[in-house]
Amino acid sequence: MRSRRGFTLIELLVVIAIIAVLIALLLPAVQAAREAARRSQCVNNLKQIGLGLHNYLSSNESFPMGGSKTACGTGGCYWNWSTTSAQACMLSYLEQAPLYNSINFAWNMENGGGSSQPPNGTVYNTILNLFLCPSDGNAGKANTNSYMASKGTSTWNNAGNDVTGLFNEWVSYKLSDITDGTSNTVAYSEALVGDGKGSSRGGINPPSRYRGNGVMATGTNPTMIYDISTQPASTIQSQIQACATNFQTSTNIVDYRGWRWSVGIEGFSMFNHVQTPNEAGFNYCRSDCSAGCNMDNGWSYGASSNHSGGVNALFADGSVKFIKNSISRLTWMQIGTKGNGEVVSADAY
């Protein structure tokens, strides 16, 4: 009789086990390679924004306003919580001239409650991959902006007045205003968008406490000031901790961070340097209103990402650098200001 050769059951199980181990070893490497590609794309997005900023500067002799002063109609009614963002003003320098031409600057972007003013519905609802970090799986779903212009260390809602950073509503700055040096001043950074599952626009109960969301509680805001870096470090830390506690206990969880890139207000297209990158497990704090209010007049708007260990930041000279989560609060504040006279070494972050 002729015998047939083949695998025994034990041999088959051993082969399957070896294949499973190899797959288990390979998957993290594949995920790491994918994240490296996503992070590279995020850096490229910020570089494109940097080019747009400097092309705008060359043509207009100043950087764009964080929010341009436009009316809620053709007659008046100016709302600082619904202005036209720096990104919208840069569109023609970002190869988006037709979209820029669709903007009606006689009208604000938003009508309130998450709807556009009718004349600006096209730009308001357009999603651009340029403004979405590919590492953030929520970006582009409900909320369409991952990149925020820096207000520096200013925590107040003071449209038309000076801030320590490069951007504010109704104010524009020139290159000569950056006395700390363009290579030492952050222009833009990234922030995780809300997941749309909070108690504000998501209407979820209990709300999601995802770290891309924020908290809006009734009471008194923490220190609202031109330059928070002048406050004692212990005071800032205790106020951040109070916001973190509210985020875990309050039912007013805001899920619309990064709502629209075209709207020039804090939280939608601007941030500040209070929280260090990815600090405290929340993305926004306001303590003088309910969850139905807009994101202006808050206290802290952090930089955050899904990149391992930190966030990407665009500096005013057009360079993009990776800022580690471990950066000290003092250094993070220093690179957020444009003219406080600090000297910051690159190895500090």
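Between Ile23 and Lys47, what is the label-point separation in nm under the 7 Å Cα-to-beta-carbon projection?
Spacing of the two 7 Å Cα→Cβ label points: 3.7 nm.
Based on alpha-carbon centroids, what's the gap between segment 147-199 and segment 82-116 in Å, whole number please?
The two parts, judged by their Cα centres, are 18 Å apart.
Determine the relative contact order of the chain: mean sequence separation of Cα pairs under 8 Å and six or more apart, normalised by residue count, in whole percent.
Once normalised by length, the contact order is 20 percent.
Lys324 versus Lys141, label points 7 Å from Cα toward the beta carbon: distance in nm?
Placing both labels 7 Å along Cα→Cβ, they lie 3.2 nm apart.
Take the chain, connect every pair of alpha-carbon atoms lying under 10 Å apart with a spring to form a Gaussian network, then pick out the residue of Leu22, Leu57, Leu330 with the largest mean-square fluctuation.
Leu22
Excluding Val254 itself, what net charge comes from residues whose Cβ is under 9 Å from its Cβ, given Lys and Arg +1 and Asp and Glu -1?
Around Val254, the charge tally is +2.
State the extension gain, in nm to one decimal, for the chain segment bounded by Asn55 and Thr220, taking 0.36 nm per residue of separation less the distance between their alpha-carbons.
Here the answer is 55.3 nm.
Given 4 °C and 1.567 mPa s, how large is the Stokes-Einstein diffusion coefficient of segment 217-349 in µm²/s, with Rh as the Kirkwood radius over Cα pairs?
Taking Rh from Cα pairs, D becomes 83 µm²/s.
Assuming a strict under-15 Å limit between Cα atoms, what lysine pair count do you get for segment 36-348 once near-sequence pairs (fewer than 8 apart, same chain) are dropped?
5
Classify segment 36-348 from the C-alpha gyration tensor, please: rounded if a/c falls under 1.5, else prolate or oblate depending on whether a/b exceeds b/c.
Cα axes put segment 36-348 in the rounded bin.
Considering only DSSP beta bridges where both residues belong to the chain, give the percentage that are antiparallel (nearest 5).
About 75 percent, rounded to the nearest 5.
So what's the convex hull volume per residue for the Cα atoms of segment 177-250, in Å³?
Per residue, the Cα convex hull of segment 177-250 comes to 138 Å³.
Just how large is the dipole of the chain about the Cα centre, in debye to the nearest 20, putting +1 at every Lys and Arg Cβ and -1 at every Asp and Glu Cβ?
Taking the Cα centre of the chain as origin, the dipole is about 1360 debye.
Quick note: the coordinates plus some simple rules give every number you see, no bench work behind them. Only a predicted model underlies this, so the values are computations on that prediction, with no experimental measurement involved. When we count neighbours, we look across all protein chains shown, and the Cβ atoms used for this are built from the backbone with ideal geometry, even at glycine.
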